[in-house]
Each structure stands twice: as structure tokens, then as C-alpha cells.
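*Asks:* I am attaching a structure below and will ask some questions about it afterwards.
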Amino acid sequence: MHNAPKPNIDELPTKAQLRRSTILASIGAAVIAVTVYLPAEYAIDPTGIGRVIGLTEMGEIKVQLAAEAEADRLLDEQRATSSPLRTRRRAFWTVSWVCSSARPMRKRRRTLGRTP
């Protein structure tokens with residue numbers, strides 16, 4: 001690291017060359033963002049190249065998965081904030097309905113001391 005010789009001032013790029021390189025790099029980054037990144041991540045394809053390459057389909061899948069994850073999160077949040085008493089009542093009535101529908105109760109005759 002320390003044994004590299006110092007460059008001469010003549011070998012360093014000029015301000016104009018640095019400016020030109022920065023502008024070209026920015027343009028390249030913008031082109032890559034529009035043609036590759038947006039279709040692959042967000043299913044936004046302004047040029048149509050993402051559909052040809054197959055990146056737009058991948059982006060649509062990601063958007064769909066994100067929507068499903070958000071719906072699951074909202075459902076879990078709703079379940080967490082529901083009343084425990086209400087949940088217990090619902091569970092009791094569900095269990096009692098299942099038990100009563102599984103084996104119907106028979107009516108017992110009252111014999112009033114008589115044997116049947």
C-alpha cells in the first residue's frame with residue numbers, strides 16, 4: 001500500500017474529464033434504473049424492455065407478494081386488537097354448537113314414579 005509511487009500531476013484527469021465521466025456515469029445509472037431496476041422491483045416498465053427480458057413479470061410477482069403480506073399484517077393486527085371476551089364467547093358457542101350437532105340430545109320421558 002505504501003510502496004506505490006505518487007502519480008504525476010500530468011497523469012491525473014482534468015476537471016473537464018472528471019465532469020464528463022460523472023455525467024456519463026449518471027446517464028448510465030439512469031438508463032439501468034429505467035430499463036432494469038423499475039421493471040424488476042416495481043413492475044413499472046416505461047420502455048417495454050423489461051417485458052421483453054422478463055423482468056416485468058418478476059416485478060408483478062413481487063408487487064403481488066407485497067400486497068398479500070400487507071393484508072396478512074393487517075389481519076394479524078386486527079386479530080390482536082379484538083376483545084378476548086368476545087373471542088371466548090365465540091369459541092364457547094362454536095364448541096357448544098359442534099357438540100350439539102354431533103350427537104343430538106334425546107328427550108327423556110318423565111315417568112312420575114312409573115317405570116316405562
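*Asks:* For region 23-79, evaluate the Debye formula with one uniform point scatterer on each Cα (no solvent term) and list log10 I(q)/I(0) at q = 0.15 Å⁻¹, rounded to two decimals.
*Replies:* The Debye formula, applied to the Cα set alone, gives -0.52.
*Asks:* Accessible area of ASP76, 1.4 Å probe, to the nearest 10 Å²?
*Replies:* Solvent-accessible area, nearest 10 Å²: 90 Å².
The values are calculated or read from the model by the stated rules, or taken from the named source; none is laboratory data. Note that the coordinates shown come from a computational prediction; the quantities given were computed from them, not determined experimentally. Just so you know, the surface numbers come from the protein's heavy atoms only, side chains and all, with ligands and any DNA or RNA stripped out. Shrake-Rupley method; radii C 1.70, N 1.55, O 1.52, S 1.80 Å.
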